[in-house]
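The values are calculated or read from the model by the stated rules, or taken from the named source; none is laboratory data. What you are looking at is a predicted structure, and each value in this text was computed from that prediction instead of being measured. Virtual Cβ from ideal backbone geometry, glycine too; neighbours counted across all protein chains shown.
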Amino acid sequence: MVVSLSKSRKEGVVKHYLWRSFAHPAGYTSTKAGRYPPLNPGEACREPIWHAARATSAAPRYFEEFERGDTVFLDGAMGANNPSKIALKEVDQMHPHSPAILVSIGTGEKQAEGKEKRRKRDRVGDIMNIDQAVSRTQFIKKYFELGDMAKGLLINTTDIVDDTHFLADKMDVNFCRFDVPNDVGDDTVGAIPLDEWLPPVNGQVTLQKIRASTEAYLADAEVQREMERYARDLVAKRRQRAKTERWEKFANVAVYHCTCDDNCVNTPGSMDRKTLRLHLCEVHGDEIPKNEMELDLVMNSMRVPSWGKDPTRRNTSPTDKPHTARRLGRLFNL
């Protein structure tokens, strides 16, 4: 999932847009997070991945806006520099269970501003509606003013993180954020200009600033304890999911083909693990082991290799295929 800011030329509507690798139903209901309409619901995005990358990185004054038909896209950081809140809403709209843990990794706290804050205004609206009918001098002045506003939006995550904390509490989600603070290291990561890349040939000076401050932050004992705690929790959750047949089907794209007899071997198509289990019990019930662990081993032997040859097209002849008893006997050394 990638976030952009979109504007429809026909309707003039400015809103966030999600480039999804999954489908999102059009309807929505009240959820733990509240009643929010889904962003551009529909089928999974079928466009080239560079379209999404181009759209989500079109930061004003750095890269040109990305156009697709009647829609213009800008960097998703325009109003959603930290997309954690959008991600939480997306999950909440599609799933009855909230995530157990949400980890957000920052790019450095924003440097404190010494000047008095200016009057609030609709910055996103201003950026998307530059009136080019004004004089060239006025336009250039406004362009740079809006560019400074856009830059502020691109690097400011504090308010969004606070909002995400609030939403995570409503959804009972364990939310944590790791972000290099301003008082760690010799350089302030959050103060490094977005376009700094020194020297231009390889950027090693800029990278070293980021690396040194990040390593100093990670060396803190409290930060290490927090990272280890969340790492243990995440690994435990992953292992729990890995034991389910549903996870295997959707995460590993595992498929199986029954090889108990010639009829099954020559039947085209494949099945997921749950379907294979039902097939073995219904069709080969007298031939398969009753012990659950032994049955799992039998099913594992019927998994189709991930490189994906058609399981019904084999180089071996029917006479080379042992019968069920011999297959199971060989598997269990009987």
Original post:
Name the residues in region 1-50 that are in a loop (DSSP other than H, G, I, E, B), more than 18 Å from G69 (Cα to Cα) and β-branched (V, I, T), would you?
Top reply: T29
Original post:
Mind checking which pairs have a first residue in region 37-49 that is closer than 19 Å to E90 by Cα and a second that is charged (D, E, K, R) and outside any loop (DSSP other than H, G, I, E, B), Cβ under 9 Å, 6 or more apart or different chains?
Top reply: P38/K89; P38/E90; L39/K15; L39/K89; L39/E90; N40/K15
Original post:
Scanning for something farther than 25 Å from E292 by Cβ and acidic (D, E), does region 234-257 turn up at least one residue?
Top reply: no
Original post:
Is at least one residue of region 207-219 exposed (fewer than 12 other Cβ atoms within 10 Å of the Cβ), touching a Lys or Arg at 6+ places or on another chain (Cβ under 9 Å) and not β-branched (V, I, T)?
Top reply: no
Original post:
Which one is modelled with the highest pLDDT among residues in region 251-267 that are under 27 Å from the mean Cα position of the chain (by Cα) and surrounded by fewer than 13 Cβ atoms within 10 Å (Cβ to Cβ)?
Top reply: V253
**OP:** Only residues that are farther than 21 Å from N82 by Cα and either surrounded by 14 or more Cβ atoms within 10 Å (Cβ to Cβ) or not assigned by TED's automatic domain parsing to the domain that holds T164 (or both): list them for region 42-65, please.
**Re:** C45
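Let's see how each residue does on (1) under 14 Å from T107 (Cα atoms); (2) assigned to a loop (DSSP other than H, G, I, E, B); (3) of a type in the set (F, W, Y):
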| site | (1), (2), (3) |
| --- | --- |
| D163 | no, no, no |
| F166 | no, no, yes |
| D169 | no, no, no |
| L198 | no, yes, no |
| V201 | no, yes, no |
| A212 | yes, no, no |
| R232 | no, no, no |
| A236 | no, no, no |
| Q240 | no, no, no |
**OP:** Could you tell me whether any residue of region 251-267 is out of contact with any Leu (no Cβ under 9 Å at 6 or more places or on another chain), of a type outside the set (V, I, T), touching a residue at least 24 places away in the same chain (Cβ under 8 Å) and not in a loop (DSSP other than H, G, I, E, B)?
**Re:** yes
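Residues are listed down the side, and each one gets a yes or a no for (1) without any contact (Cβ under 8 Å) to a residue 12 or more places away in the chain; (2) touching a Gly at 6+ places or on another chain (Cβ under 8 Å):
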{"position": "V72", "(1), (2)": "no, no"}
{"position": "A77", "(1), (2)": "no, no"}
{"position": "N81", "(1), (2)": "no, no"}
{"position": "I86", "(1), (2)": "no, no"}
{"position": "H97", "(1), (2)": "yes, no"}
{"position": "G106", "(1), (2)": "no, no"}
{"position": "K110", "(1), (2)": "no, yes"}
Original post:
Quick check: is even one residue across region 252-265 out of contact with any Lys or Arg (no Cβ under 7 Å at 6 or more places or on another chain) and under 30 Å from F178 (Cα atoms)?
Top reply: yes
Subject >> F175 being assigned to a helix (DSSP H, G or I), within 27 Å of the chain's Cα centre (by Cα) and of a type in the set (F, W, Y) >> reply: no
Original post:
Restricting attention to region 198-215, which residues are out of contact with any helix residue (DSSP H, G or I) (no Cβ under 8 Å at 6 or more places or on another chain) and within 17 Å of G185 (Cβ to Cβ)?
Top reply: Q204, V205, T206, L207, Q208, R211, A212, E215
Original post:
Which of the residues spanning region 223-271 are more than 17 Å from M299 (Cα to Cα) and of a type in the set (D, E, K, R)?
Top reply: R225, E226, E228, R229, R232, D233, K237, R238, R239, R241
Original post:
Which of the following residues is among the polar types (S, T, N, Q) and in contact with a helix residue (DSSP H, G or I) (Cβ under 6 Å, 6 or more places away or on another chain): T267, T244, T259?
Top reply: T259
